[in-house]
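Report on the following structure.
The values are calculated or read from the model by the stated rules, or taken from the named source; none is laboratory data. Since the structure is predicted, the reported quantities are computational estimates derived from the model, not experimental observations. Positions of Cβ are backbone-derived with ideal geometry, glycine not excepted, and every protein chain shown enters the neighbour counts.
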Amino acid sequence: MPCDASLAAGRRIYLDNAATSWPKPPAVYDAVDAYQRENGTAAGRGVYQRSQQVGRTLALARRRVAGLLGASDPARVLFTFNGTDSLNAVLHGVPRPGDHVVTSDAEHNSVLRPLRMLEQRANVSVTRVPCDSAGRIEPDDVARAVRPETRLLALTHASNVTGAIQPVDAFAAIAREHGVLLLIDAAQTAGHVPIFTDRWGVDFVAASGHKGLLGPLGTGILVVGAAAAGQLAPFRQGGTGTFSESDEQPTTLPERFESGNHNVPGLVGLERGAAFLEQRGWTELRRHEIELTTRLVDGLRPLPGVTLFGPPDADRRVGVVSFRLERIDPQELASLLDSEYAIEVRSGLHCAPRTHDRMGTTRRGGTVRAAVGPFNSESDVDALVRAVAEIGAISHV
C-alpha cells in the first residue's frame, strides 16, 4: 500500500470533528494551562480573589455562549458535562408518566436510549417519525405524530451521520401550535451554523461544548427558553455554593441545575473557544465549512465504487460526509486510512442506528464519516480523496 507524504512527514490529518473538534484555538490551551497552574480554585466556593476570578470567567463564558446561540439571558445558559448530559437533563426532567414524546429516526443514541428507558420504566410513550435516506426529517410527519398527551418534541438540528440540517423553525412552529415543548439536539450545529433560540421559540437547546464551540472535552451546554424553566425538574441535586442554609434545591437559574463543582478547566477553555468564534464570525467560518464540504463531496462522488450519503448541496448540511467504498468494510477502510495515510476518520454506525437503518447500511457495518472543522484545509480534503481513490483501485485488482 503506498504511503502518503503526510504519514512520512509525521503529519496527522484529523477529519473527525463531528466527534470532537481538534485542534482547538491556541488560546484554549493557554487558558486551561494557566488556570491549572496559576489558579486551580473552584467556582462559587470562596470570596478570595482567585475564586472570584473564576466566577467572572464563567459568567463571561455564559454571555459568549448565549450570544452565539441566540439567547438573550445568560442565566438561561446551563453548564453540563457534555451534550449527552444536556439531553438527559431534559429527557429525564420534563416527561411525566402518561406523557407522549415525539422524536425521529435521525436521532443519536443520546436521545434514543433515554427515551427507550422512559418507555420501559416510566410509562412514557414515544413516537419515532421517519427520516429519509439523506437523514432529513419532514415537518409534516412531526405534526401528524402529535397527540393530546404529547408533552415534548425531541429532534436533532443536524444528523451526525449525513450532516443534514433540519428545519428547526418549522419544528418550533409545530410546538407552538400544539402547546408542547421543543428540545433541539444541537451537538452538530452549535458553532457551525447560526442558532436563534429566542427568535425561533425553542424551549431547550442541548449542545456539546467540545465540538463546534471549540472547548475541551467534558463541557456541555443546555439553553433553557424563557418560558420553559418552570417545566424542567432538576435530576441532580447538591451543593451550589448558594443558599447553603437550606437543604432544598435553589430555584434560581442557573444554580438550580448546576449542582456540584463545575469543570472549571473545561469551561475556561470553552470561554476562549467561544471568543474565537465571535472574532472570526459566522459568515467566514460557515463559508470555509461549505467550501471544504463541497470539495470533499465533489472529489469522492466520481470515484469508482464510492457511494455518498446525505443532501447533495453542502449548504444544506454541516461539514459531515458519510460514504462507503465497494468491497471494503468501513472499519477496514478507516483503519487503512489511519495506518497508511495518517488520516483519522470515524467508521461504523455513529451511535445513530435508526439513521443507518433508513440508509440501508446497518448490516454492512455502517459508513465511513469524514467531518471537517475550522482548522482543516483543502490539502486535508484532497489527501482523503487521493487515499480513497488509491485504496479503491487496489481493492478492485
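One residue stands out in the range 323-360 among those that are closer than 23 Å to T294 by Cβ and in a loop (DSSP other than H, G, I, E, B): the one that is nearest to the chain's Cα centre (by Cα), namely H350.
Quick check on my filter: what residues within the range 117-132 are in a loop (DSSP other than H, G, I, E, B) and in contact with a helix residue (DSSP H, G or I) (Cβ under 8 Å, 6 or more places away or on another chain)? Residues satisfying the conditions are V124, P130, D132. Consider the range 366-397 and keep the residues that are modelled with pLDDT under 95 and not in a helix (DSSP H, G or I). The one that is nearest to V345 (Cα to Cα) is H396.
Checking each residue of the range 247-257 against the condition of being in contact with a Lys or Arg (Cβ under 9 Å, 6 or more places away or on another chain), charged (D, E, K, R) and touching a residue at least 12 places away in the same chain (Cβ under 8 Å) gives no match.
Restricting attention to the range 246-269, which residues are in a helix (DSSP H, G or I) and at pLDDT below 90? Steps first, please.
Start the filter on the range 246-269 by keeping residues that are in a helix (DSSP H, G or I), which leaves 255-257, 264-269.
Correct list: E255, R256, F257.
Residues that are touching a His at 6+ places or on another chain (Cβ under 7 Å) and among the polar types (S, T, N, Q) within the range 88-126 comprise just one, S125.
Confirm whether E326 is surrounded by fewer than 18 Cβ atoms within 10 Å (Cβ to Cβ) and either without any contact (Cβ under 8 Å) to a residue 12 or more places away in the chain or within 20 Å of H210 (Cα to Cα) (or both).
No.
So is E378 touching an Asp or Glu at 6+ places or on another chain (Cβ under 6 Å) and more than 19 Å from T307 (Cα to Cα) or not? It is false that E378 is touching an Asp or Glu at 6+ places or on another chain (Cβ under 6 Å) and more than 19 Å from T307 (Cα to Cα). Of the residues S72, S21, S51, the single one that is over 25 Å from A186 (Cα atoms) and among the polar types (S, T, N, Q) is S51. Filtered by the rule that a residue be under 22 Å from the mean Cα position of the chain (by Cα) and surrounded by fewer than 16 Cβ atoms within 10 Å (Cβ to Cβ), the range 118-131 gives a lone residue, P130. For the range 4-20, the criterion of being at pLDDT below 90, farther than 30 Å from D169 by Cβ and touching a Ser or Thr at 6+ places or on another chain (Cβ under 6 Å) is met by none of the residues.
The residues of the range 28-41 that are closer than 14 Å to N261 by Cβ and within 27 Å of the chain's Cα centre (by Cα) amount to a single one, Y35.
Considering only residues in the range 343-363 that are surrounded by fewer than 23 Cβ atoms within 10 Å (Cβ to Cβ) and among the hydrophobic types (A, V, I, L, M, F, W, C), the one that is farthest from P330 (Cα to Cα) turns out to be C351. Residues of the range 312-331 that are within 19 Å of D380 (Cβ to Cβ) and not small (G, A, S): R317, V318, V320, V321, F323, L325. Note on the range 69-84: residues that are assigned to a helix (DSSP H, G or I) and either surrounded by fewer than 21 Cβ atoms within 10 Å (Cβ to Cβ) or in contact with a His (Cβ under 9 Å, 6 or more places away or on another chain) (or both) total 4.
Among the residues making up the range 270-290, those that are farther than 27 Å from G93 by Cβ and in contact (Cβ under 8 Å) with a residue 12 or more places away in the chain are R272, A275, F276, L277, E278, R280, W282, L285, R286, H288, E289, I290. Looking only at the range 194-228, residues that are buried (at least 20 other Cβ atoms within 10 Å of the Cβ) and over 25 Å from A31 (Cβ atoms) come to 7 in all.
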